[in-house]
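The values are calculated or read from the model by the stated rules, or taken from the named source; none is laboratory data. What you are looking at is a predicted structure, and each value in this text was computed from that prediction instead of being measured. As a convention, Cβ positions derive from the backbone with ideal geometry for all residues, glycine included, and neighbour counts pool all protein chains shown.
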Ligand SMILES: NC(=O)c1ccc[n+]([C@@H]2O[C@H](COP(=O)([O-])OP(=O)(O)OC[C@H]3O[C@@H](n4cnc5c(N)ncnc54)[C@H](O)[C@@H]3O)[C@@H](O)[C@H]2O)c1
């Protein structure tokens, strides 16, 4: 019995695939490598292919006797999604439908899906819980909400799923040998690292007049290894008969941009050049999770704090200034 990890050569998928294999689980990764790296999972079986290629997925299900799937494969850049909606709907939504159809044909009935807190848009409350109205504000966020709904509808066919709404994934593997490629993302921690290592002159703090304690935006940063652990717990929950579920995966702790800068300077002993820039359109002031549901149902909670996020990201970039080999 094997777990199929789609997008498992990407940032979060590679950490999860590694954790699963360290726990002795059998894993096969399916990834186009368009935005992932073979070197991120050197010891794990990798099939280079597309989730939308039913023939490849079917073959792989038979060859590896796949019985569950974790579905990370997607495009994830918000700005790009607004400029190329067709590409995003095709890859994320149409691709997921073909994938799930093929999985069902091969009796794979447990799917854990990478959703996002982006489905909430600008929430009315912080912390935000799963009952909040979904107001996706980008094509990317719409694709996540659509797939969540599609998976929930598939309950009628016997497929059970857990959609995990990640907050801000950050940090790197404790070994220092796996992490996030800063060229491939605009997320805050990799951009902070770019500035620390001189690949960008200064960090832009987008707005310092928000209604938050220090005026900068507040987000919920979750260590990538804690996120990986949430997937294992979600798989085990489904394997023991758990019903389909949609839940937040966040720490419940809000961190402002200025707090993150201060933590970075304290951890690394380096000063982080930064300057205040205009607010970005559509940036909510404060978004952090109410993690009550994920704690109660999956028994998951974050075990690594912001210090560990910064320490591990710094270690990864120090050891791998050019990220992975392409
Ligand atoms: N990084 C975050 O903070 C964050 C937050 C919320 C949700 N997510 C979601 O988590 C998932 C993983 O994110 P990540 O940060 O690891 O992204 P990533 O880009 O590093 O990984 C995605 C992987 O999927 C692969 N891929 C894309 N389309 C594919 C396809 N059609 N077939 C096969 N492989 C394909 C890419 O090559 C890449 O390796 C994504 O679905 C993303 O939307 C990420």
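Numbers for the structure displayed
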| item | result |
| --- | --- |
| Scan of the range 5-41 for residues that are part of a strand (DSSP E or B) and within 11 Å of the ligand (Cβ to nearest atom), ordered by number | 5, 6, 29, 30, 31 |
| Condition check for residue 101: assigned to a loop (DSSP other than H, G, I, E, B) and more than 29 Å from residue 252 (Cα to Cα) | no |
| Among the candidates 255, 268, residue that is within 22 Å of residue 169 (Cα to Cα), touching a strand residue (DSSP E or B) at 6+ places or on another chain (Cβ under 9 Å) and modelled with pLDDT of 95 or more | 255 |
| Cross-chain or 6+ apart pairs with Cβ under 7 Å, the range 148-174 first and outside the structural domain of residue 96 (by TED's automatic domain parsing) and within 14 Å of residue 243 (Cβ to Cβ), then within 16 Å of the ligand (Cβ to nearest atom) and in a loop (DSSP other than H, G, I, E, B) | none |
| Selection status of residue 89, within 15 Å of the ligand (Cβ to nearest atom) and surrounded by 21 or more Cβ atoms within 10 Å (Cβ to Cβ) | no |
| Of residues in the range 42-78 being part of a helix (DSSP H, G or I) and within 14 Å of the ligand (Cβ to nearest atom), the one nearest to residue 113 (Cα to Cα) | 57 |
| Lone qualifier among 214, 177, 208 - being surrounded by fewer than 15 Cβ atoms within 10 Å (Cβ to Cβ), in contact (Cβ under 8 Å) with a residue 12 or more places away in the chain, over 14 Å from the mean Cα position of the chain (by Cα) and part of a loop (DSSP other than H, G, I, E, B) | 214 |
